[in-house]
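In what follows, a structure is listed as structure tokens, so that the remarks can point back to it.
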Amino acid sequence: MERYPQLIHSATESPGNCIMSHPGVEAIDSKEEDLRYLPEVFCSCFLDCRLGGRMVRKFMYMGRGTILQMERSRLMVRKRDGDVVTQNETAEATPRSETTTRLLRELVAHLRQNRTPVREEWVGRITEAQLLMAMTKEEIFAEATSVYDSYVAALETGTFEALQNYARNLSERIIPRGVETHEVVGIVLLLRDVLARSLFAKYQGDFEQLNRILDAYEPAANRIANTVAVGFVQERERVIRQQQEAIRELSTPVLQVRERLLILPIIGVIDPQRARQLTEQLLRGIRTNRAKVVVIDITGVAAMDASVANHLVQTVEASRLLGATVIVTGLSPEIAQTLVTIGVDLGKMNTVGDLQGGIEQAERLLGYKVVMIAEAG
Amino acid sequence: MEVPILKQGGFLIATVQAALTDADLLQLRRALVERVVQMRSYGVILDVTALDVMDSFASRTIREIAHIIRLRGAETVIVGIQPEVAFAMVQLGLTLEGVATALDLEEGLQYLNQKFKSAASSAKH
Amino acid sequence: MLAMEIGFSSGDSTLIATAISELGRNILSYAQQGEILIRAINGCDHPGILIVASDKGPGISDVQQALRDGFSTSGGLGLGLPGVRRLMDEFEITSVPKRGTTVKVKKWKQ
């Protein structure tokens with residue numbers, strides 16, 4: 001019965017790699033039928049490979065055996081019969097064609113040689129176009145220098161990671177200062193144009209050679225422009241998401257009103273994502289406050305669709321699994337209708353008309369009795 | 001890994017220590033169902049705090065344990081289900097219907113104590 | 001776990017682990033043999049996780065039926081596949097009777 005699949009992860013030096021072994025779940029691979037008699041563990045991993053100048057993560061299937069060594073781009077496995085098999089960084093990489101490589105090398109040399117004038121021309125064009133107005137001249141020049149160097153490096157190596165990282169890093173710094181997407185795209189396109197111009201100037205006598213150089217340059221330059229723009233937009237989206245998250249968290253407080261009694265007032269529109277977050281916060285709140293009763297008040301929610309209503313029911317059930325009773329209060333007629341339509345099991349839902357009634361019932365459940373001081377005296 | 005079962009007064013306490021295989025779960029079911037009558041226990045607490053995944057088999061087996069123990073004349077309470085696990089279970093459609101749950105061991109003990117106190121007092125009347 | 005490395009919250013990681021466990025269970029109870037592959041993937045700008053569970057078992061003759069709650073031919077609860085579908089964001093199943101079944105599921109980081 002020890003056949004429960006178990007996953008062993010990340011037992012390696014490099015992040016992202018993973019070894020999976022499924023004791024008992026036998027590996028089948030039509031191409032490796034002959035491996036069937038080998039030990040129960042099958043080895044597979046993700047290798048970081050370079051494919052056509054691009055880093056990709058590739059899934060490697062090694063058949064069954066013992067893993068001897070694992071690195072970012074290498075996996076060595078001993079098969080049961082003693083054979084040691086190694087998967088190296090893939091040979092499938094389609095190298096750039098000889099000509100492209102040679103042309104790009106020539107191009108890179110040219111750009112390195114003319115680093116100062118081209119860069120100055122570029123900064124001039126940026127100022128002229130009134131881009132990056134939020135930054136000082138010195139800052140623009142410093143950033144332009146780094147972008148220029150990463151740009152040339154990307155052309156030279158054909159890998160975009162360094163540039164990507166730089167773009168992300170740059171975005172992180174300039175987004176808080178109010179730099180807009182069009183400005184970032186604008187400066188990269190300007191650099192592309194400036195470089196193209198300098199190529200025209202250099203090869204104006206030899207139209208054939210210019211054409212060939214542009215053939216090599218254009219795809220690379222477009223890819224770079226793309227990388228930087230996408231990097232910027234992603235960073236912006238990340239910032240926006242982070243802010244949304246913060247706002248959401250503030251908008252759904254889990255409040256403790258008495259020992260063991262939580263109240264969750266929900267106001268506004270609930271989309272599936274907010275619903276998820278509500279549930280996570282509530283379940284965590286139940287645990288940290290050791291709550292026994294929770295009142296979810298949805299007076300402030302006008303309507304919810306079937307999927308959110310379903311989610312509400314699931315939240316009630318999950319809370320019960322933690323040992324807490326949920327009372328839902330303030331259901332609008334529309335929401336009540338939705339719950340009936342999706343066929344909610346009313347035996348599982350504890351509802352009270354309004355928040356006050358809900359709190360009173362919660363107090364009864366917890367054994368409290370609220371008495372007027374005069375009566376008590 | 002076998003789940004240790006402790007006797008504490010009239011209660012049995014089984015504390016899951018690590019991820020359970022199917023075999024462990026079935027073994028646990030056998031042991032609890034046997035011992036609950038052997039030890040003349042009237043309450044069982046199953047502490048699953050250490051479980052970070054509960055799939056359909058585990059959930060079904062736990063429900064069965066609770067139901068069989070009721071038929072053997074005792075009460076079961078499941079304690080310590082983690083918030084993430086509870087949510088995953090509900091998504092899967094596993095809600096342990098008809099099984100008592102409590103936040104942790106302390107709460108579980110209190111639940112059983114209360115249950116049997118009220119049973120004892122109603123018997124007196 | 002890989003899911004944590006990709007940046008899933010602990011709640012999502014639990015959902016993913018539960019789904020993997022259910023898929024593994026399906027393979028064991030229907031096909032006895034099979035494999036589960038797990039890998040990090042990248043959507044348009046979302047990282048995510050892909051799980052492929054494949055077996056060469058008897059296959060499922062009526063996939064639609066198997067995806068309905070409460071359907072089971074193995075004496076289980078019959079919650080496996082529909083449950084997995086609820087746990088994950090994307091769900092894809094191909095099954096050929098007598099040839100086997102492949103279930104592909106994805107979950108995206110929120």
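The values are calculated or read from the model by the stated rules, or taken from the named source; none is laboratory data. Computed from a predicted model, the values in this text were never measured in an experiment. Glycine gets a Cβ as well: all are built from the backbone with ideal geometry, and neighbour counts include every protein chain shown. Surface areas here come from the heavy atoms of the whole protein model, side chains and all, with no ligands, DNA or RNA. Shrake-Rupley method; radii C 1.70, N 1.55, O 1.52, S 1.80 Å.
Note on A:T116 and B:R35: their simple-model spin labels are 8.5 nm apart, each label 7 Å out from Cα toward Cβ. Per residue of peptide B:91-104, the mean number of Cβ atoms on other chains within 10 Å of the residue Cβ is 6. Pairs A:K137/A:K202; A:K348/C:K109; A:K292/A:K369; A:K292/C:K106; C:K56/C:K109: which exceed 26 Å Cα-Cα? Table pairs above 26 Å Cα-Cα are A:K137/A:K202; A:K348/C:K109; A:K292/C:K106; C:K56/C:K109.
Give me the percent of the accessible area of chain B that comes from carbon and sulfur atoms, probe 1.4 Å, all protein chains in place. Exposed carbon and sulfur together represent 52 percent of the surface.
Computed over protein heavy atoms with a 1.4 Å probe, the accessible surface of segment A:98-247 works out to 53 Å² per residue.
Over segment C:2-108, accessible surface divided per residue gives 42 Å², non-protein components excluded, 1.4 Å probe. The alpha-carbon atoms of chain C define a convex hull whose volume equals 95 cubic angstrom per residue. Rolling a 1.4 Å probe over the protein heavy atoms leaves A:T136 with an accessible area of roughly 70 Å².
Distant-in-sequence amide contacts of A:T299, defined by a placed amide H-H separation under 5 Å and a gap of 5 or more residues or a different chain, comprise A:I266. The mean sequence distance of close C-alpha pairs (under 8 Å, at least 6 residues apart), as a share of the length of segment C:2-108, puts its relative contact order at 28 percent.
Taking Cβ atoms as reference points and 12 Å as the exclusive limit, the residues near A:Q256 contribute a net charge of +3, counting Lys and Arg as +1 and Asp and Glu as -1. Do you know which residues of segment A:312-328 lose at least 50 square angstrom of accessible area in the protein assembly compared with their chain on its own, with a 1.4 angstrom probe? So the qualifying set is A:Q314, A:R320, A:L321, A:L322. Ranking of A:T338, A:T157 by solvent-accessible surface, largest first: A:T157, A:T338 (1.4 Å probe, protein heavy atoms only, all chains present). If every alpha-carbon in segment A:98-247 counts as one equal scatterer, what log10 I(q)/I(0) does Debye give at q = 0.09 1/Å? Log-scaled intensity ratios, in q order: -0.30.
Based on Cα atoms of segment A:255-373, Rg over Rh with Rh as the Kirkwood radius reads 0.96. For chain B, the relative contact order comes to 23 percent (Cα pairs under 8 Å, sequence separation of at least 6). Once you have the Kirkwood Rh of segment B:49-94 from its Cα pairs, apply Stokes-Einstein at 37 °C and 0.692 mPa s and quote D in µm²/s. Reported coefficient: 291 µm²/s. Potential lengthening of the chain between A:L255 and A:R364 amounts to 37.4 nm, from the contour at 0.36 nm per residue minus the alpha-carbon distance. For the chain pair B and C, the buried solvent-accessible surface (1.4 Å probe, both sides summed) amounts to about 1400 Å². Rounded if a/c is under 1.5, else prolate if a/b is larger than b/c, else oblate: which is segment A:115-182, with a ≥ b ≥ c the root eigenvalues of its Cα gyration tensor? Because a/c hits 1.5 or more and a/b fails to exceed b/c, segment A:115-182 counts as oblate. Sort chain B into rounded, prolate or oblate with this rule: let a ≥ b ≥ c be the square roots of the eigenvalues of the Cα gyration tensor; rounded if a/c is under 1.5, and if a/c is not under 1.5, prolate when a/b is larger than b/c, oblate otherwise. Prolate shape, in that a/c is at least 1.5 and a/b is the bigger ratio.
On segment A:267-333, 60 percent of the accessible area sits on carbon and sulfur atoms, based on a 1.4 Å probe. Relative contact order of segment A:255-373, please, whole-number percent, based on alpha carbon pairs below 8 angstrom and at least 6 residues apart. Dividing the mean separation by the residue count of segment A:255-373 yields 27 percent.
Less than 5 angstrom separates the built amide H of A:T325 from those of A:V293, A:V294, all sequence-distant by 5 or more or on a different chain.
Per residue, chain B exposes 44 Å² of solvent-accessible protein surface, assessed with a 1.4 angstrom probe and all protein chains in place. Taking the accessible area of segment C:2-108, probe 1.4 Å, and keeping the other protein chains in place, the carbon and sulfur fraction comes to 50%. Taking every protein chain into account, the 1.4 Å probe leaves B:D52 with about 100 Å² of accessible area, to the nearest ten. With the whole protein complex present, A:M133 retains an accessible surface near 130 Å², based on a 1.4 Å probe. Chains A and C: what accessible area do they bury, summed, in square angstrom to the nearest 100, with a 1.4 Å probe? Buried area between the two chains comes out at roughly 2400 Å². Summarising the amide proton neighbourhood of B:E75: residues at separation of 5 or more, or on other chains, whose placed amide H is nearer than 5 Å comprise B:G43, B:V44. Between chain A and chain B, the total buried accessible area stands at approximately 2200 Å², from heavy atoms with a 1.4 Å probe. Mean partner shielding of peptide B:16-26, defined as the number of other chain Cβ atoms within 10 Å of each residue Cβ, is 2.
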